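Down below is the structure, laid out as structure tokens.
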Amino acid sequence: MNIIELRGINKVYGTGDNQVRVLKDVNLDIEAGDFVAIIGQSGSGKSTLMNILGCLDTASSGNYKIAGENVAGMTPDQLATLRSQYLGFIFQRYNLLSTLNAEENVELPAIYSGLKHQERQTRAEALLSNLDLGNRIDHLPSELSGGQQQRVSIARALMNGGDIILADEPTGALDSKSGENVMAILKTLNDQGHTIILVTHDKNVANYANRIIEIKDGVIISDERKKPNKNSAQDYHPKDDNRNSFAYLKDQFTEAFKMSIQAIKAHKMRSVLTMLGIIIGIASVVSVVALGKGSQEKILADINSMGTNTIVIMPGHGFGDRNSSKYKTLTVHDSDLLARQSYVDSATPAVSSSGTLTWQNISVTAQLQGVGEQYFDVKGLKSEEGRFFNREDVKKGSAVVVIDQNTKNKLFPNGGDIVGSTIIFNRQPLKIIGISEKQNANFGPSDTLTMWSPYTAVMNRITGDRNISSITVKVKDDVSMTAAEKNIIRFLTVKHGKEDFFTVNTDSIRQTIESTTGTMRLLISCIALISLVVGGIGVMNIMLVSVTERTREIGIRMAVGARRSSVLQQFLIEAVLICIIGGFIGVLFAFGIGLFFSLFVKTFTLSYSAASIFLALACSTLIGVIFGYIPARNASRLNPVDALCD
């Protein structure tokens with residue numbers, strides 16, 4: 001029974017006047033279980049005929065049937081299925097993958113045919129043991145002799161059954177003894193029922209065959225049978241293709257993932273160089289976002305130190321109003337009335353005075369703020385030592401004072417019992433009852449000496465003025481700051497008969513700063529994203545180079561049954577893995593930048609966002625898919641015979 005039938009096979013290379021006809025109307029039948037040798041001089045067309053028989057190349061015209069299936073018109077994936085089911089290849093140069101050991105090389109065809117891991121491992125070990133390589137299964141090709149490598153390739157050819165074994169000059173790279181061993185193995189395989197098709201220019205090698213076919217200038221000039229085919233009575237049955245099942249697809253993905261990791265580990269330097277652009281891009285994006293977020297948080301913390309949910313009311317028509325000092329319309333009564341409004345949590349009047357502060361023989365210039373008891377809560381101030389004044393102190397106009405850290409350091413450089421001491425401000429004695437913790441605010445000179453006393457004490461004892469310099473209103477948490485500000489303006493305008501004041505809404509400042517820093521962060525992030533795109537282009541370029549470097553590997557994988565989708569999947573996974581690993585390294589590098597930054601900048605730290613890290617890693621994955629697709633597609637579209645001859 002014929003397992004191979006060729007009718008009118010022609011193979012033409014080139015076009016027009018440059019056409020070269022390598023095979024000319026070749027007709028050939030090969031029985032199942034036969035041992036056929038194809039001989040001929042170099043350039044006779046025997047290798048081209050072998051490539052067509054092995055479905056590595058296609059005929060320009062004619063019909064070719066293998067196991068009853070017409071090969072003409074088959075897609076590359078259908079040809080890959082045929083190679084996987086029926087064909088086993090033995091090459092002159094062995095064509096073993098250098099990064100895989102003997103067992104892994106033998107398993108390769110079974111991976112693409114969908115055989116379970118344990119089954120293919122057991123079969124590979126058995127095949128290698130039968131070929132006296134049981135003690136070499138963990139060795140790489142570079143650790144094996146030429147004869148041992150050829151035996152590994154024979155085991156690979158038998159992995160999926162090897163109904164038809166195609167041997168292209170199998171002894172060409174071996175010494176005479178190793179060559180004899182290989183031919184003895186092929187003879188034994190033929191005796192076991194395998195169809196052997198051998199291409200050689202050596203007539204001594206051809207004499208092992210039952211049938212010798214000579215080809216010259218693309219034409220079969222002789223077909224001599226020397227021995228009968230003892231296996232001619234054997235039958236064969238078309239094989240089922242289970243490559244579209246979910247289990248197969250899952251197994252293929254798992255194996256592609258493993259092979260991608262092997263490829264990355266086998267080419268460490270190339271992988272690191274590929275990752276470099278992604279590492280820099282991810283580190284830039286995460287660091288820039290962290291820097292923007294950290295600076296924004298610092299600014300907002302400074303705003304919060306001015307008071308959260310607060311609106312400050314000041315006389316005049318704005319900070320640039322030169323006549324603001326002439327307005328004396330804000331009163332304590334205004335503050336008291338505002339405090340009773342439903343949308344107000346508290347209101348505290350404020351009056352300020354600048355003057356000379358004296359303690360023992362130390363005299364300095366200081367700022368005294370006259371405020372209500374709610375002021376400290378509104379401003380978020382904390383007490384380091386002693387206490388803040390209370391409602392009773394305000395009601396009585398007690399001559400008490402709370403000092404800040406600058407005043408403490410200036411007047412009491414040597415420490416001591418500060419709380420309870422009496423200081424002189426503008427010739428008026430004030431008893432220290434508390435010391436505030438350091439404020440976060442950086443608005444204004446940081447070395448200003450600031451003190452707080454009840455506004456009643458300041459107005460009655462220091463300034464003698466009935467008017468106040470400002471009112472600080474704390475709005476309730478569930479009330480809109482904008483609505484509250486409008487109500488305050490409307491209320492005071494009606495009371496005063498005109499709008500002789502202006503308001504400073506800390507929420508507006510917060511929103512403005514958030515908007516500004518957000519815009520700057522977006523701008524810088526976009527610049528950093530450009531570096532990610534550049535990194536992605538780098539990935540694509542190096543992967544394209546990798547495809548060129550690994551052309552023979554791709555050809556070997558296709559020869560043993562890999563579909564285009566399998567090659568595409570492996571190279572795409574490889575690109576994505578490189579980008580994901582680069583992304584994680586980039587994130588770690590960004591954290592390292594944050595630690596380094598904190599050594600030199602003490603005012604604020606980088607604030608890392610989980611969302612930005614996740615987005616960066618998602619971007620690196622997307623870049624792997626986008627920029628890895630073109631090289632992966634190019635790899636999958638290589639012609640197997642061109643790849644093997646590269």
| Answer from Ala72, Ala32, Ala59 - the residue that is small (Gly, Ala, Ser), at pLDDT below 85, more than 19 Å from Gln148 (Cα to Cα) and surrounded by fewer than 23 Cβ atoms within 10 Å (Cβ to Cβ) | Ala72
| task | Look at Leu166 and say whether it is buried (at least 20 other Cβ atoms within 10 Å of the Cβ) and in the same structural domain as Ser42 (by TED's automatic domain parsing). | result | yes
| request: For Tyr248, indicate whether it is assigned by TED's automatic domain parsing to the domain that holds Leu79 and either closer than 27 Å to Glu107 by Cα or at pLDDT below 80 (or both). | output: no
| request: Tell me the helices (runs of 4 or more DSSP H) entirely within the range 107-210 that contain at least 3 residues that are over 25 Å from Ile3 (Cβ atoms). | output: 117-130, 146-158, 176-191
| field | Considering residues of the range 463-479 that are within 27 Å of Asp507 (Cα to Cα) and of a type in the set (S, T, N, Q) only, the residue surrounded by the fewest Cβ atoms within 10 Å (Cβ to Cβ) | value | Asn467
| message | Restricting to the range 274-288, name every residue that is under 12 Å from Gly582 (Cβ atoms), modelled with pLDDT of 80 or more and not β-branched (Val, Ile, Thr). | response | Met275, Leu276, Ala283
| Val567 passes all but one of (1) free of Cβ contacts under 8 Å to residues at least 60 places away in the same chain; (2) within 30 Å of Asn160 (Cβ to Cβ); which number fails? | (1)
| Do we have any residue at all in the range 43-61 that's over 26 Å from Arg225 (Cα atoms) and part of a strand (DSSP E or B)? | yes
| query | If you check Ala457 against the conditions, is it among the hydrophobic types (A, V, I, L, M, F, W, C), modelled with pLDDT of 85 or more and in contact with a Phe, Trp or Tyr (Cβ under 6 Å, 6 or more places away or on another chain)? | reply | no
| When you go through Val567, Val547 one by one, which is the residue that is modelled with pLDDT under 80 and over 18 Å from Val285 (Cβ atoms)? | Val547
| message | Tell me yes or no: at least one residue of the range 370-384 is among the aliphatic types (A, V, I, L, M), modelled with pLDDT of 85 or more, surrounded by 19 or more Cβ atoms within 10 Å (Cβ to Cβ) and under 27 Å from Val473 (Cβ atoms). | response | yes
| query | Out of Leu330, Leu300, which single residue is modelled with pLDDT of 80 or more and either out of contact with any Gly (no Cβ under 9 Å at 6 or more places or on another chain) or surrounded by fewer than 19 Cβ atoms within 10 Å (Cβ to Cβ) (or both)? | reply | Leu330
| query | Just a yes or no: is a residue in the range 202-211 in the same structural domain as Asp29 (by TED's automatic domain parsing), in contact with a Gly (Cβ under 7 Å, 6 or more places away or on another chain), surrounded by fewer than 24 Cβ atoms within 10 Å (Cβ to Cβ) and closer than 30 Å to Thr81 by Cβ? | reply | no
| note | All-but-one check, Ser47 against (1) of a type outside the set (A, V, I, L, M, F, W, C); (2) under 22 Å from Leu198 (Cα atoms); (3) touching a helix residue (DSSP H, G or I) at 6+ places or on another chain (Cβ under 8 Å); (4) in contact (Cβ under 8 Å) with a residue 40 or more places away in the chain, failing number (3)
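The values are calculated or read from the model by the stated rules, or taken from the named source; none is laboratory data. None of the values given here were measured: they were computed from a predicted structure. All Cβ positions, even for glycine, are placed from backbone atoms using ideal geometry, and neighbour counts span all protein chains on display.
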